[in-house]
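Here's the structure we're looking at; comments come further down.
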């Protein structure tokens with residue numbers, strides 16, 4: 001017998017995140033490191049526990065090893081519970097055969113049994129690729145107040161960016177009247193954040209119907225929600241006001257990290273009332289040597305800094321040797337930047353080694369043609385040889401010989 | 001020797017009075033150290049890193065902060081069904097008077113735990129010794145010499161603590177003579193107060209001593225038995241520094257700014273574990289100037305900091321100049337302050353514009369939560 005839960009959260013974490021290239025070669029997107037000591041999934045998980053939701057199903061499919069290992073029994077997020085807690089849900093074999101999660105809705109469909117165990121009134125669907133702090137309990141209260149069948153969290157985005165998002169037209173009481181998926185000429189700037197609250201009985205009904213529909217792509221945004229809308233179910237938009245960022249691309253991941261250094265950005269990780277929990281290794285405090293020069297940066301435990309660090313985010317146990325320069329960059333755990341190397345406008349993944357005098361990335365000012373400029377990426381475990389150069393926008397996933 | 005046949009005992013109140021500034025409101029074991037640790041983390045981590053999975057923590061007084069820090073023992077992987085961590089507070093029963101006055105009383109009060117444990121051997125540690133030692137080697141040495149008791153020692157100037165034991169050893173390593181000092185001694189082999197022995201021997205020695213109203217562990221259990229028991233010294237590789245007062249606390253903290261010392265204490269092979277706080281990584285503001293510092297998570301630094309140890313969540317405001325200081329967790333150093341050779345306890349506040357200055361051989365101490 002399982003204890004009844006009012007609300008269960010389902011976290012979609014199976015995506016490959018192919019636009020992150022080498023960063024997601026061996027790990028799923030939600031496991032990508034972010035913000036010096038976190039991984040992307042820490043945000044939705046911490047939001048859940050801070051919102052009082054202690055039953056979370058994490059749907060995994062692509063490269064789950066690292067993610068499974070990271071989540072473990074959920075203890076770092078207080079999700080090791082007597083009843084509920086965090087559950088890793090991978091596709092499994094059934095009597096009628098086995099299939100992968102075909103789409104976001106199908107992933108939930110295949111886990112109807114998991115949800116039914118807790119007999120919830122409501123289910124919250126989250127995705128593992130957004131950075132934001134949100135109180136889901138407020139959204140749930142809104143959902144109840146509106147007697148909605150489905151509530152979609154909505155963010156007002158700048159008009160000139162609106163065409164990149166799935167948009168909603170909303171009337172005065174918050175009811176959604178129309179959807180627009182990445183339109184050329186947006187009529188609304190109210191974007192969906194990919195956070196949904198459903199009344200479980202309704203969602204289950206539509207999941208079953210969607211599964212039976214020939215040709216459906218089994219996706220929440222493309223199939224299930226439009227179908228609910230068509231049938232006149234009560235769809236509402238819950239306005240969210242705060243920092244929210246989709247970190248699905250290299251540029252947005254880079255930006256989202258550096259946002260932490262911008263005091264104007266509304267994402268305070270030092271707020272004790274809404275802490276972001278993470279599974280962090282035992283590392284001593286970091287050390288800044290007498291030769292180092294650190295400005296406007298975020299530095300995690302275990303780092304040894306002897307070089308220059310400017311406007312960058314350094315994860316745990318990064319070593320920066322003398323006369324090395326890191327600016328406008330993200331350096332993930334365990335990476336070594338040797339003497340005289342320059343890392344600029346770049347993301348260097350875990351346990352990479354950048355040998356002496358190598359240069360990674362380029363400053364936009366130094367480009368002849370700005371259109372060719374972009375963030376350079378070095379994959380995990382890669383060794384960049386002495387004096388080698390990694391051009392902007394490059395994605396390096398194997399060792400590069402030295403140029404000296 | 002198999003480490004799963006050994007249990008640990010840690011004194012959390014060892015030499016509290018030597019560091020009265022920091023132990024006024026807490027135990028020696030819960031004194032903050034090295035940016036994010038408490039002193040007891042070192043003894044516990046050394047034990048678990050060699051595979052010991054049963055540890056008793058002997059407490060005497062002021063142990064609220066210690067309980068808060070240790071919790072269920074989870075950070076040291078000591079929250080277990082089989083074995084784990086046991087907190088041993090003073091035991092009031094007929095024949096014993098509650099709060100312990102010395103090591104023998106403390107051990108006697110903990111006899112219930114000691115005799116109940118299934119392990120054959122025991123390692124006993126103090127918490128004022130900051131160390132990262134390979135306890136496996138210590139256990140092996142105990143096995144190989146066939147000693148009844150093995151005591152880890154170090155060569156150098158003995159700490160100025162009560163009953164600090166110094167040894168003379170013969171070629172085999174056996175201790176042939178032991179002396180007790182109160183005011184330190186120069187160039188000697190002094191005890192690190194890390195003992196290995198059979199559990200049965202410990203029980204016998206305690207019961208004997210209590211029966212004869214003897215109450216001095218070093219004098220009555222070790223020194224008195226130098227001839228009758230095979231007591232061996234063991235000189236471990238690795239760091240071991242004993243805190244004997246605020247000055248040595250300051251000096252040993254500052255030694256961490258040297259990479260040789262730091263890397264010896266924080267080796268990746270034997271990590272030092274501590275309670276997690278889920279602070280964000282440290283943020284350095286534009287115009288901050290930090291040189292030769294150890295900085296923990298959660299700090300926000302906008303001022304100038306040189307030769308300092310900053311604990312978790314310390315704020316250094318713009319225009320502040322902090323040098324040669326130890327700033328403990330949650331302290332706030334206001335704008336345009338100047339600090340030199342200062343130790344602030346937790347949550348101290350130095351208001352804007354204030355100046356505090358001590359000397360390297362006389363650091364100024366600012367108590368917990370004090371606002372200046």
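Every number in this text was worked out from the coordinates using simple rules, so none of it is lab data. Predicted model, so just to flag it, every value in this text is computed and none were measured. Quick reminder, even Gly has a Cβ in these numbers, built from the backbone with ideal geometry, and neighbours come from all protein chains shown.
Ordering of A:94-105, A:328-339 by packing is A:328-339, A:94-105, highest average first (other Cβ atoms within 10 Å, averaged per residue).
If you find the alpha carbon centre of region A:71-135 and of region B:126-162, how far apart are they in angstrom? Going from one Cα centre to the other spans 51 Å. Say R0 is 30 Å: what FRET efficiency, to the nearest 0.05, do residue B:359 and residue A:322 get from their beta-carbon distance? E between residue B:359 and residue A:322, to the nearest 0.05, is 0.45. Length available on full extension from residue A:25 to residue A:171: 0.36 nm per residue minus the Cα-Cα distance, which gives 48.3 nm.
If R₀ is 35 angstrom, what is the calculated FRET efficiency for the pair residue B:143 and residue B:258, using the beta carbon separation as r and rounding to 0.05? Efficiency at R0 = 35 Å is approximately 0.50.
Averaged over the residues of peptide B:297-304, the number of Cβ atoms from other protein chains lying within 10 Å of each residue's Cβ is 3. Spin-label model, residue A:222 to residue B:187: label points 7 Å out along the Cα-to-beta-carbon direction sit 8.3 nm apart. The alpha carbon centroids of region B:205-223 and region A:176-197 are separated by 79 Å.
For the pair residue B:25 and residue B:336, the difference between a 0.36 nm per residue extended length and the Cα-Cα distance amounts to 108.9 nm. Largest GNM mean-square fluctuation among A:161, A:365, A:66, using chain A with Cα springs under 10 Å: A:365.
Taking the C-alpha atoms only, the angle from helix B:246-255 to the longest principal axis of chain B is near 70 degrees. Does region B:1-101 classify as rounded, prolate or oblate by the C-alpha gyration tensor (a ≥ b ≥ c root eigenvalues; a/c under 1.5 gives rounded; else a/b over b/c gives prolate, otherwise oblate)? The shape class here is oblate.
Short-range pairs are left out: with C-alpha atoms under 8 Å and at least six residues apart, the relative contact order of chain A is 13 percent. Placing a label point 7 Å from the Cα of residue B:120 along the Cα-to-Cβ direction, the residues of region B:196-232 whose backbone N falls under 11 Å from that point are B:198-199. Length gained on full extension, residue A:372 to residue A:264: 36.0 nm, using 0.36 nm per residue less the C-alpha separation.
In region A:125-214, Cα pairs under 8 Å separated by at least six residues give a relative contact order of 34 percent.
Hey, how many Å between the Cα centroid of region A:332-385 and the Cα centroid of region A:227-305? That distance is 21 Å. Taking the helices alone, chain A has a mean residue ellipticity at 222 nm of -4500 deg cm²/dmol, built from -39,500 (n - 2.57) per DSSP H run of at least 4 residues and averaged over all its residues.
Calculated over region A:70-129, the projected area of the Cα convex hull averaged across directions stands at 5.4 nm². Within region A:228-262, which residues have the backbone N less than 18 Å from the label spot 7 Å out from residue A:273 along Cα→beta-carbon, could you tell me? Under cut-off, by backbone N: A:241-243. Placing dummy labels 7 Å off each Cα toward the beta-carbon, the span from residue A:147 to residue A:255 is 4.1 nm. Exposure proxy for A:236, A:114, A:277, A:198: other Cβ atoms within 10 Å of each Cβ, ordered fewest to most, give A:114, A:277, A:236, A:198. Would you mind checking the tilt of helix A:200-212 against the longest principal axis of the Cα atoms of chain A, expressed as 0 to 90 degrees and rounded to 10? Approximately 80 degrees, to the nearest ten. Would you work out if region B:42-166 is rounded, prolate or oblate? Take a ≥ b ≥ c from the square roots of the eigenvalues of the alpha-carbon gyration tensor; rounded if a/c is under 1.5, else prolate when a/b is larger than b/c, oblate otherwise. Rounded, because the longest to shortest axis ratio a/c is under 1.5.
Relative to the longest principal axis of the Cα atoms of chain A, the long axis of helix A:136-145 lies at roughly 20 degrees.
Note on residue B:168 and residue B:61: the model spin-label points, each 7 Å out from Cα along the C-beta direction, lie 3.8 nm apart. Kindly identify region A:14-134 as rounded, prolate or oblate by the Cα gyration tensor criterion: order the square roots of the eigenvalues as a ≥ b ≥ c, call it rounded if a/c is under 1.5, otherwise compare a/b with b/c, prolate if a/b is larger, else oblate. Oblate, since a/c reaches 1.5 and b/c is not below a/b. When peptides B:74-84, B:250-260, B:50-60 are sorted by average Cβ neighbour count within 10 Å, with the highest value leading, the order is B:50-60, B:250-260, B:74-84. For chain B, what's the relative contact order in percent, using C-alpha pairs closer than 8 Å and at least 6 residues apart? Computed over chain B, the figure is 15 percent.
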